[in-house]
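Only one structure is covered here, and it is reproduced in the block below.
The values are calculated or read from the model by the stated rules, or taken from the named source; none is laboratory data. Bear in mind that the values here come from a model prediction, so they are computed numbers and not experimental data. Reconstructed Cβ throughout: ideal geometry from the backbone, glycine too, with neighbour counts over all protein chains shown.
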Amino acid sequence: MSDYLMVASIDFGTAYSGYAFSLTTDFKRDPLLIHSNQNWNAGNAQLMSLKTPTCILLDKDREIKSFGYEAESEYSQLAEEGTDKQEDYYFFYRFKMILYDNEKLKHQILNDVTGKTLAASEVFAKFIKALKGHLLTQFIDRGKAIEPHEIRWVLTVPTIWTDASKQFMRECAHQAGIDDNKLVIALEPEAASIFCLFQENSRASNERSLLNRTGQKYMIIDLGGGTADITIHERLPEGVDCEYPSLKELHHAIGDDCGGTQVDNAFMEVLREILGQKLVKLMKKKQPSTYLELLREFETVKRREIKQKNYIRIPFVTINELIEELGQDDIDNKIKMSKYKNQIKRNREKFCIDAELMKSFFGPTTDRIVSLVKETSKIKAIRDVSLFVLVGGFSECKHVIRALKEALPNKTFIIPDDPGLSVLKGAVIFGHKSIIESRVMMNSYGTKVFEPFDPDVHEMSRRKRAGGRFICPKIFDFIVKKNESVPVGTTIKREYLTDEPQQCYMDLTMYKSDSEYTEYTDEEGCYRVCKATIDIPNPSDEQRTVEVEYFFGDTEIRMTAVETDSGESCNTVLKFI
Ligand SMILES: Nc1ncnc2c1ncn2[C@@H]1O[C@H](COP(=O)(O)OP(=O)(O)OP(=O)(O)O)[C@@H](O)[C@H]1O
Ligand SMILES: [Mg+2]
């Protein structure tokens, strides 16, 4: 019997976020019976969308006012009531990417749209809390009763996130009131892969697709707002005592920060060049909701096919006010003076952008996605994979699809219905059933040890005298190797001894390396990734032995420890941040 009655997932996206849930009883009947919020409140309107923008409005006491579409509309409402009103509030948007490739998260701060700062952990925690609160209210509104301890929560992260970023998300969820032992971290493309598999599995047998064949290998490419995140899976048969298929990872995840919001950045960069850095900065500070409205307007234009003339509404009234305040040239002169004078024309309250410039907003991001996928498809171990599944909102972008198909004409591309939702819904299934049989390590992990010096094995320059003998310090002792396939649930055991009498805790340092051949911990590409503290139960004068079990095949690295003589388990803390 599971100790939870419901699984709830939170897909914390760069551009859009949402939640979904299903009861354990429903899951047994139909794993695809997953509920999510269909209508998000946007002030005067209800927006039909399963995800809502990743943004949050906090008041001056840093209390949550609103999030998503509602926060956008409430924030612009404040602007209508007077510009100084907004100064009392914090508006954070699209803040997830601060975690990309970031290991130094301890004192990470975030700037809101106007430049005001808060601790990143507080903003992330409040956003999770807001989504969690919305979900619980929805559930109660449906006349259902559920206690928080009866829910298993799933929070999604990109596969390519650092261990520190994953731990950061867990700590933020904890701050948001989600118990550590009730939280599972899901990897976004994995969740999407699981959803696609279940969706295909549910089709009538005569409709069954390629994806549903036992032994089928496929690349799942999550094209989101922040990242392109790639995972390669093989569908394994249903187990003897399991009615569901399972998935084996064939190569470690690969990805890059080339998501859909990079296209928005390219557009904003051109605007910045035309209007000037000073003006855009002032707009963000004084008229932040106008700036956000501009981004929203671009979001609509971005989803259309590119034509000879592409119109985008520009807030000229605000821009003219700012121009006056700064004593600058008028807007038409600014266009004329810029290098875009032949590509952008003003047409009343709109900019008319020519096709070439419009394409250039997409070009660099599309190129990076194409080369990422192309390079991945050349990797020897997975060269035979010919089925590519595109998920994530940016996989609805026609330019991206076209470019990928042209660059890889011999591959078959599948885009499931609603590709932007597969992560969200797959994360719910993942919370009920792990489905993943094994994962491939993206890095090597190990500890630092020393050995008696051996001239046949160790570099001469590393020889050090210690006591009466020569040793070789800083040897990288592998716990797991990069590219190793680790079955989920595998434990790796190591024994460690105390150094002194009455020792009450032990500190272990774990190192991470981007190579499978690392020999020494001070080599390039190898660095300290975390510190583990293990409490020794009932410290004594005798030397004590602790057996540590590392778990590497799961979505997060974990460890447990036992004092071998007494068999007592030790309290352990693994800190990546
Ligand atoms: N039809 C479309 N054409 C172009 N871009 C689109 C289209 N539909 C969605 N997008 C883009 O997809 C991105 C959002 O996708 P998604 O919701 O999967 O991202 P996310 O989950 O917020 O980000 P991530 O997973 O990277 O953290 C946005 O940049 C959005 O503009
Ligand atoms: Mg996403």
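Please go through (1) surrounded by fewer than 19 Cβ atoms within 10 Å (Cβ to Cβ); (2) in contact with a Phe, Trp or Tyr (Cβ under 6 Å, 6 or more places away or on another chain); (3) over 30 Å from Lys398 (Cα atoms) for Ala266 and return the number of the only condition it doesn't satisfy.
(3)
Is it the case that some residue within segment 47-67 is among the aliphatic types (A, V, I, L, M), closer than 30 Å to Asp163 by Cα, within 13 Å of ligand 1 (Cβ to nearest atom) and without any contact (Cβ under 8 Å) to a residue 60 or more places away in the chain?
no
Is it true that some residue in segment 49-60 is within 16 Å of ligand 2 (Cβ to nearest atom) and within 20 Å of Glu171 (Cα to Cα)?
Within segment 49-60 (the criterion being within 16 Å of ligand 2 (Cβ to nearest atom) and within 20 Å of Glu171 (Cα to Cα)), the answer is yes, since at least one residue qualifies.
Do any residues in segment 192-216 that are closer than 21 Å to Glu249 by Cβ and assigned to a helix (DSSP H, G or I) have Cβ atoms under 7 Å from those of residues that are charged (D, E, K, R) and modelled with pLDDT of 75 or more, where the two are at least six apart or on different chains, and which pairs are they?
Close Cβ pairs (under 7 Å, with a partner that is charged (D, E, K, R) and modelled with pLDDT of 75 or more) amount to Ala192/Asp222; Phe195/Lys425; Leu197/Arg235; Leu211/Glu200; Asn212/Glu200.
Among the residues of segment 404-427 satisfying the criterion of being of a type in the set (A, V, I, L, M, F, W, C) and over 18 Å from Pro158 (Cβ atoms), which is surrounded by the most Cβ atoms within 10 Å (Cβ to Cβ)? Break it down stepwise before answering.
We begin by selecting, within segment 404-427, every residue of a type in the set (A, V, I, L, M, F, W, C); these are 404, 407-408, 413-415, 421, 423-424, 427.
When the remaining residues are screened for being over 18 Å from Pro158 (Cβ atoms), the result is 404, 407-408, 413-415.
Values: Leu404: 21, Ala407: 16, Leu408: 16, Phe413: 15, Ile414: 17, Ile415: 17.
It comes out as Leu404.
For residues that are under 28 Å from Gly18 (Cβ atoms) and more than 24 Å from the chain's Cα centre (by Cα), tally how many sit in segment 388-415.
Count: 2.
Could you count how many residues in segment 139-168 are outside any loop (DSSP other than H, G, I, E, B) and either over 9 Å from the mean Cα position of the chain (by Cα) or of a type outside the set (Gly, Ala, Ser) (or both)?
18
So is Tyr4 within 16 Å of ligand 1 (Cβ to nearest atom) and either within 27 Å of Pro245 (Cβ to Cβ) or modelled with pLDDT under 95 (or both) or not?
The answer is no for Tyr4.
Taking Gln38 as the residue in question, decide whether it is farther than 30 Å from Lys144 by Cα and of a type outside the set (D, E, K, R).
So Gln38 does not fit the description; no.
Hey, which of the strands (runs of 3 or more DSSP E) in segment 31-107, taking only ones fully inside, have at least 2 residues that are more than 22 Å from the chain's Cα centre (by Cα)?
In segment 31-107, 39-42, 45-48, 64-67 are the strands (runs of 3 or more DSSP E) which contain 2 or more residues that are more than 22 Å from the chain's Cα centre (by Cα).
List the helices (runs of 4 or more DSSP H) that sit entirely inside segment 292-401 and contain at least 1 residues that are in contact (Cβ under 8 Å) with a residue 24 or more places away in the chain and farther than 22 Å from Leu279 by Cβ.
Ranges flagged: 355-377.
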